[in-house]
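Structure first, commentary second.
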Amino acid sequence: MSAVYRNAAPPAIPWFKEGFFDFWSTRVNSLWTLRRPLVRLVGRTSASADAVTLQLQPNRHVGGLLPGQHVNLGVELDGRVTTRSYSPTVLDNGHLAITVKAIPGGKVSQHLARTAAIGDVFSVGPGFGDMTVALSPQRLVLLAGGSGITPMRSLLRQLDKQPLQAPVDLVYWARRQEELCFVDELQAMAARQPGFKLHTALTRDAATPAPRVDSFDFSGFDRLAGARVLACGPAGFVDAAKARLGAHVASFEGEAFSVPVLPELEQGSVQVELLRSGRSLSIARGTSLLTALEAAGIQPASGCRMGLCNTCVCTKVSGITRHTLTGDHASEPSIPLKLCVNSASTDLTLEL
Ligand SMILES: Cc1cc2nc3c(=O)[nH]c(=O)nc-3n(C[C@H](O)[C@H](O)[C@H](O)COP(=O)(O)OP(=O)(O)OC[C@H]3O[C@@H](n4cnc5c(N)ncnc54)[C@H](O)[C@@H]3O)c2cc1C
Ligand code: FES
């Protein structure tokens, strides 16, 4: 009789057993979990006048992160986990470094930059984002506005592992000299790699304020027309960079760190039925569904709040939504919907 061999499927773990295991194992070591990815704060250094770099030790479930990508970090504040996106650099010792700019009035950035303590543990999601680079020769122009430098630093450390095969320019805008991060590291790379040029643009420099991206002079840049341009920073910065260069280069990709201020085109309120929770509520039409649901006391899963990470996706069963970044309407039933970048145009039914 011949034996039939099958690959054993991993045993299903009831959630209460996993919760039970994690509860006791994290009392022995705060990073020991059955499968939840966690990081522990093990070091902090000042990165600039208003930013700190946190060194995070990952547990063995953290992985799948490419240079230039971002992760969602879950931070417990007032008994509730609040999630924001950050762009880590993987250090030589396997730890993650995130550099956090303290935003005035910012809930998570103020906590991370000012009050988080060594030993604190945060949840962390998988890497996401498309601004990654191959090591094959490609002409790159990197544009960073403020904290948009963080994924660029990670990309540059990757490129710096071997002699550059094609020119790379980084233009880094900040208001003042003391707000610049990683200057020594970037200057050292420029000294080591003849193909790398660092341009800093200080828009509020007392002596010679630099032009913003919309009027920056790129005419001296080598082979600009054949360049792949990557831009990262506040939404207004990325939009201005695209308007300035998008039509003049081989390709333009931008990722915004902050939500653009939207004109409230649609007003009044609509009724939203939430099938899973059995709730029905009235929400404002003009604002993103994520913000509107949060204002109504619902806490849908979320991460980047920018339409990048897919954490907030749920099924729209019926109704018409408006994409808050493109203005496009979607009326098809039973389609996936990102709550953070869609608002309700009509009454909606959501699988939530
Ligand atoms: C893909 C992605 C990657 C990111 N990577 C980094 C990173 O590496 N380092 C980093 O410091 N930040 C990064 N951010 C921004 C970060 O996720 C948070 O938005 C930021 O830390 C502010 O969160 P908060 O809770 O302190 O502010 P909130 O309490 O959410 O907001 C407070 C106020 O600040 C405004 N605001 C929010 N974010 C910004 C911003 N970035 N610039 C200016 N105003 C803002 C809000 O509109 C609001 O008015 C990234 C964002 C995205 C989408
Ligand atoms: S929260 Fe990231 S896509 Fe909506």
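Coordinate-derived values only; no laboratory data. Just so you know, these numbers come straight off a predicted model, no measurement behind them. Don't worry about glycine lacking a Cβ; one is built from the backbone with ideal geometry, like all the others, and counts go over all protein chains shown.
Cα centroid distance between the stretch 277-309 and the stretch 64-143, in Å?
23 Å
Ratio to report: Rg/Rh of the stretch 140-256, with Cα atoms as the point set and Rh obtained by the Kirkwood method; give two decimals. Spell out each step's value before the answer.
Numbers: Rg = 13.3 Å, Rh = 14.3 Å.
Radius of gyration relative to Kirkwood radius: 0.93.
Report, for the chain, the % of DSSP beta bridges that are antiparallel, rounded to 5. Spell out each step's value before the answer.
Numbers: 47 of 74 bridges.
Approximately 65 percent, going by the DSSP bridge assignments.
How large is ³J(HN,Hα) for each residue in the stretch 144-151, as worked out from phi by the Karplus curve 6.51 cos²θ - 1.76 cosθ + 1.60 (θ = phi - 60°), to whole Hz, x for Gly and Pro?
Using θ = phi - 60°, the values come out as 10, x, x, 6, x, 5, 4, x Hz.
GNM on the chain, C-alpha springs below 10 Å: top fluctuator among T326, T132, T311?
Between T326, T132, T311, it is T326 that shows the largest mean-square fluctuation.
Can you list residues from other chains, or at least 5 along the same chain, whose modelled amide H is less than 5 Å from the amide H of G43?
Sorted by chain and number, the residues that satisfy this are Q55.
Per 10 Å bin, what percent of the C-alpha pairs of the stretch 37-124 does each bin hold, from zero upward?
18, 57, 24, 1
Rounded to the nearest 500, what is the 222 nm mean residue ellipticity of the chain from helices alone, with -39500 (n - 2.57) per DSSP H run of 4+ residues and division by all residues? Present the calculation step by step, with values, prior to reporting the outcome.
Details: 6 runs with 57 residues, N = 352.
One gets -4500 deg cm²/dmol as the mean residue ellipticity at 222 nm.
Give the relative contact order (percent, whole number) for the chain; include only Cα pairs under 8 Å separated by 6+ residues.
12 percent
What list do you get for T45, T82, T150 if you sort them by fewest beta carbons within 10 Å? All intermediate terms of the calculation are to be shown ahead of the outcome.
Working: T45 10, T82 15, T150 27.
Going from sparsest to densest Cβ surroundings: T45, T82, T150.
Zone of A296 (label point 7 Å along Cα→Cβ, backbone N under 17 Å): which residues in the stretch 307-322?
Taking a point 7 Å out along Cα→Cβ of A296, the residues of the stretch 307-322 whose backbone N falls under 17 Å are 313-322.
Convert 20 °C to kelvin, take the viscosity as 1.002 mPa s, use the Kirkwood radius over C-alpha pairs of the stretch 274-328 as Rh, and evaluate the Stokes-Einstein diffusion coefficient in µm²/s, rounded to a whole number.
Values: Rh = 12.4 Å.
The diffusion coefficient I find is 173 µm²/s.
Provide the per-residue ³J(HN,Hα) series for the stretch 221-226, in order, calculated from phi with Karplus coefficients 6.51, -1.76, 1.60 and θ = phi - 60°, each as a whole number of Hz, with x at glycine and proline positions.
6, 5, 6, 5, 4, x
R175's amide H: which non-local residues (gap 5+, or another chain) put their own amide H closer than 5 Å, with H modeled 1.01 Å from N in plane and none for Pro or chain starts?
T203
Could you give me the radius of gyration and the Dmax of the chain, taking only the C-alpha atoms into account and expressing both in angstrom?
22.6, 88
Could you list which residues have their amide H under 5 Å from that of A250, counting only those 5 or more apart in sequence or on another chain, with H placed in the peptide plane?
Amide H neighbours of A250: G226, A227.
Which whole-Hz ³J(HN,Hα) couplings does the stretch 235-240 yield from phi under the Karplus relation 6.51 cos²θ - 1.76 cosθ + 1.60, θ = phi - 60°, glycine and proline marked x?
So the J values, rounded to whole Hz, are 4, x, 5, 5, 5, 5.
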